[in-house]
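Any read-out appearing in this document is the output of simple, stated calculations on the displayed coordinates, not a laboratory observation. A quick note: this is a predicted structure, and the numbers were derived from the prediction, not measured. No Cβ is skipped: glycine too gets one built from the backbone with ideal geometry, and neighbour counts run over all protein chains shown.
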Amino acid sequence: MADLEALIFDVDGTLADTERDGHRVAFNRAFADAGLDWDWTVEVYGDLLTVTGGKERMKYFLEKYRPDFAVDGDLDEFVAGLHAAKTEHYKKLMADPGLPLRPGVARLLREAREAGLRLAIATTTTPANVTALLKHSLAEDAEDWFEVIAAGDIVPAKKPAPDIYLWAMEQMNIAPDRCLAFEDSDNGVKSVAGAGIRSLLVTVNDYTRDHDFSGATVVVDHLGEPENPCSVIQGPPLVQGLVDVDALKAIHEHATS
């Protein structure tokens with residue numbers, strides 16, 4: 001069994017509940033600025049989350065909800081322009097009013113750094129979105145906490161394809177059996193499994209609570225704080241109220257033995 005050396009984190013829904021109160025709101029503001037009557041409700045956005053990637057999500061929306069919508073010009077350029085505007089709105093939202101990290105995230109990241117574990121990010125969101133969240137919700141220098149930030153269109157195929165995890169591990173020069181991944185969705189679970197990473201901790205949220213997490217080692221409701229302990233939803237009882245470094249090592253040992 002290989003020792004645990006690195007933690008690779010998804011971002012949206014995993015580090016923070018960014019989907020409902022961050023990305024969805026930013027999309028709607030970009031649509032309004034463009035004079036579009038599109039309104040992505042909480043329910044509609046939940047359906048759109050079956051598709052990963054913001055630009056891909058907009059195309060899916062047009063196909064399913066607005067097939068009569070005609071773009072004046074090139075569709076890809078139109079979507080890319082809207083997505084760029086949405087990113088600017090998202091960055092502003094992260095600065096004011098901001099968005100808190102999920103319970104236990106900041107605590108675990110600090111503990112992992114102190115323990116000498118390597119940190120990385122593997123996400124479909126854009127690099128600017130990652131930077132905005134880390135800077136305003138974690139620490140001014142939080143981007144530097146991560147050895148690799150694999151984000152956005154750095155690979156052509158997004159989750160559930162394994163490409164983003166494979167790219168991150170290639171940059172780190174590390175084998176899958178020395179990594180533990182953090183995800184929140186079934187697409188993330190598939191991506192991790194396809195990359196050969198066997199250690200996987202899932203933290204559910206309101207959008208993903210009913211997903212199929214059969215490929216995860218352990219599923220919890222959140223990472224836990226001393227005053228707000230977490231619960232194991234699926235998998236062996238390797239977490240006792242807090243996901244800490246010892247729990248991660250136990251999860252990794254269980255998954256790779």
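For the chain, the dipole from Cβ point charges (+1 on Lys and Arg, -1 on Asp and Glu) about the Cα centre works out to 160 debye, to the nearest 20.
Ellipticity at 222 nm from helices only: DSSP H runs of n ≥ 4 in the chain, each -39500 (n - 2.57), divided by the residue count, give -12000 deg cm²/dmol.
Neighbour counting of Cβ atoms within 10 Å sorts the residues E140, E183, fewest neighbours leading, into E140, E183.
Ordering V243, V42, V192, V51 from the fewest to the most neighbouring beta carbons within 10 Å gives V42, V51, V243, V192. Computed from backbone phi, the HN-Hα couplings of region 34-49 come to 7, x, 8, 8, 6, 9, 8, 5, 4, 5, 4, 5, x, 5, 5, 5 Hz, rounded to whole numbers (Karplus: 6.51 cos²θ - 1.76 cosθ + 1.60, θ = phi - 60°; Gly and Pro given as x). Where does helix 54-64 land angle-wise versus the long Cα axis of the chain, in degrees 0 to 90, nearest 10? The angle comes out at about 60 degrees. Summarising the label geometry, the points placed 7 Å from Cα in the beta-carbon direction at R110 and S257 lie 3.1 nm from one another.
With the charge dipole of region 19-95 set up from +1 on Lys and Arg Cβ and -1 on Asp and Glu Cβ about the Cα centre, the Cα lying farthest toward the positive end among the listed residues A26, V79, L62 is that of A26. Karplus-based coupling profile of region 180-190, in residue order and whole Hz: 10, 9, 10, 9, 9, 9, 5, 4, x, 4, 5, with θ = phi - 60° in 6.51 cos²θ - 1.76 cosθ + 1.60 and x standing for Gly or Pro. Name the residues whose placed amide hydrogens come within less than 5 Å of the amide hydrogen of S199, ignoring near sequence neighbours (fewer than 5 apart) on the same chain. Residues meeting the amide H criterion: A181.
Helix 105-114 axis versus longest C-alpha principal axis of the chain: approximately 50°, rounded to the nearest ten.
Note on T50/S214: beta-carbon distance plugged into 1/(1 + (r/R0)^6) with R0 of 22 Å gives a FRET efficiency of 0.80. Among I8, I233, the ranking by other beta carbons within 10 Å of each residue's beta carbon, starting with the fewest, stands as I233, I8.
Shown is the FRET efficiency for A139 and K59, computed with R0 = 45 Å from the Cβ-Cβ distance and rounded to the nearest 0.05: 0.80. Between E88 and Q240, full extension at 0.36 nm per residue minus the direct alpha carbon distance yields a gain of 50.7 nm. Database remark: amide H of R118 closer than 5 angstrom to the amide H of A6, L7 (H placed geometrically; neighbours at sequence offset of 5 or more, or on other chains; Pro and chain starts carry no H). A Förster distance of 35 Å, applied to the separation of the beta-carbon atoms of L75 and D3, puts the FRET efficiency at 0.15. If one computes the Cα centroid of region 170-238 and of region 32-105, what distance in Å separates the two points? Between the Cα centre of region 170-238 and that of region 32-105, the gap is 26 Å. 3J(HN,Hα) couplings calculated from phi for region 247-255 with the Karplus curve 6.51 cos²θ - 1.76 cosθ + 1.60 (θ = phi - 60°) are, in sequence order, 5, 4, 5, 5, 4, 5, 4, 5, 6 Hz; Gly and Pro show x.
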